[in-house]
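The values are calculated or read from the model by the stated rules, or taken from the named source; none is laboratory data. Given the structure is predicted, the values throughout are model-derived calculations rather than measurements. Because the Cβ atoms are built from the backbone with ideal geometry, glycine has one as well, and the counts that use them run over all protein chains shown. The protein model used for the area step is the full one, side chains on, heavy atoms only, and it has no ligands, DNA or RNA in it. Shrake-Rupley method; radii C 1.70, N 1.55, O 1.52, S 1.80 Å.
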Amino acid sequence: MKILIINGPNLNLLGRREESIYGKKDFETYLSELKDKYIEDDITYYQSNHEGEIIDMLHNVGFGEVDAIVLNAGAYTHTSIAISDAIRAIKAPVIEVHISNVNAREDYRKVSYIAASCVGTIAGFGLDSYRLAIEAVKTKK
Ligand code: DQA
């Protein structure tokens, strides 16, 4: 399967950012482990700190370029009607992912503007949340 992982704002700092919440591993290291595990799949990765760039990427790949999108929209999860609309607009299924358990954190993190536009949500399993999302996508297929 062709699966694109999209990470939103501040997730380029994984491994250096609030390690007690997000862990010590950078995403590039994790991604190469993920690619080794899913050697038969085509896993690609995009990160942006900019809402419009995330929307552009969803538009660019969402009409046949990939089979599924694993999206950690970071803080845009809790604010972005525009990303939610983009997910609804495209054909590719989108899985919402969070490293931390957003429901066990501040109240504003308990609100997701994108959840209802996604096929499902995986949160709280650390970086393993991404692998679980891929498993979900592959099982659903
Ligand atoms: C996050 C949770 C968000 O609330 C936060 O803004 C992030 C990361 C997570 O993966 O746990 O940047 O999406």
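Quick notes on this one:
- Residue in segment 8-25 that is open to solvent by 40 Å² or more (accessible area, probe 1.4 Å), among the charged types (D, E, K, R) and under 16 Å from the mean Cα position of the chain (by Cα) present: no
- Criterion: part of a strand (DSSP E or B), within 15 Å of the ligand (Cβ to nearest atom), polar (S, T, N, Q) and at pLDDT 95 or above - qualifying residue of Thr44, Thr121, Thr77: Thr121
- Annotation note: Cβ proximity below 9 Å between a residue of segment 9-24 that is modelled with pLDDT of 95 or more and a residue that is open to solvent by less than 30 Å² (accessible area, probe 1.4 Å) and of a type in the set (Asp, Glu) (sequence gap 6+ or interchain) occurs for no pair.
- Going through (1) more than 16 Å from the ligand (Cβ to nearest atom); (2) within 23 Å of Val137 (Cα to Cα) one by one, Ala82 falls short only on (2).
- Of all residues in segment 47-68, those satisfying the criterion of being away from the ligand (no atom under 15 Å from the Cβ) and either at positive phi or not in a loop (DSSP other than H, G, I, E, B) (or both) are Gly52, Glu53, Ile55, Asp56, Met57, Leu58, His59, Asn60, Val61, Gly64, Ala68.
- When Leu58 is tested against (1) touching a helix residue (DSSP H, G or I) at 6+ places or on another chain (Cβ under 7 Å); (2) touching a residue at least 60 places away in the same chain (Cβ under 8 Å), exactly one condition is not met: (2).
- Restricting Asp67, Asp107, Asp56 to those that are over 18 Å from Gly8 (Cβ atoms), among the charged types (D, E, K, R) and out of contact with any strand residue (DSSP E or B) (no Cβ under 9 Å at 6 or more places or on another chain) reduces the list to Asp107.
- Being of a type in the set (D, E, K, R) and within 13 Å of the ligand (Cβ to nearest atom) holds for only one residue in Arg131, Arg105, and it is Arg105.
- Qualifying residue in segment 85-92 (condition: within 16 Å of the ligand (Cβ to nearest atom) and either more than 19 Å from Tyr30 (Cβ to Cβ) or assigned to a helix (DSSP H, G or I) (or both)): yes
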